[in-house]
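Report on the structure given below.
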Amino acid sequence: MERIIGINEARPRLTSIIESLTLGAEPVILTVNSEPKSVLLNYEEYCRLRKIEKDCKRLALQLAMEKIRSSAGKAKITEEDVLEEVRLVRNRKRGYRQ
């Protein structure tokens, strides 16, 4: 269970809080005027969460691509058609004429 600490209480104890996080303590929720504003957590846990976030984004993109490929196949749109359309859109954004 995470600890909840007010910012004024945390300031003088910041070094010890960080040391406890390094040793595996649960995350600390920092509050300002009794409202949660931030979280302190172990750096390894932060890195783990960032990796999970990136993995989720990659999996969501893969799922979207599978749906697109399936829909395109049903509509008889080839991958070459899609690549050509992407090229045209990119050129328009760059200000090139076709």
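Values quoted throughout were computed directly from the atomic coordinates according to the rules given, and no laboratory measurement underlies them. Every value quoted in this text rests on a predicted model; they were computed, and no experiment measured them. Every residue, glycine as well, gets a Cβ built from its backbone with ideal geometry; the counts of neighbours run over all protein chains shown.
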Filtering region 35-67 down to residues that are without any contact (Cβ under 8 Å) to a residue 12 or more places away in the chain and surrounded by 12 or more Cβ atoms within 10 Å (Cβ to Cβ), which residue is farthest from E9 (Cα to Cα)? R48
Restricting attention to region 33-43, does a residue exist that is in a helix (DSSP H, G or I) and of a type outside the set (A, V, I, L, M, F, W, C)? yes
Matching residues, region 7-34, being surrounded by 14 or more Cβ atoms within 10 Å (Cβ to Cβ) and of a type outside the set (A, V, I, L, M, F, W, C): S20, P27, T31
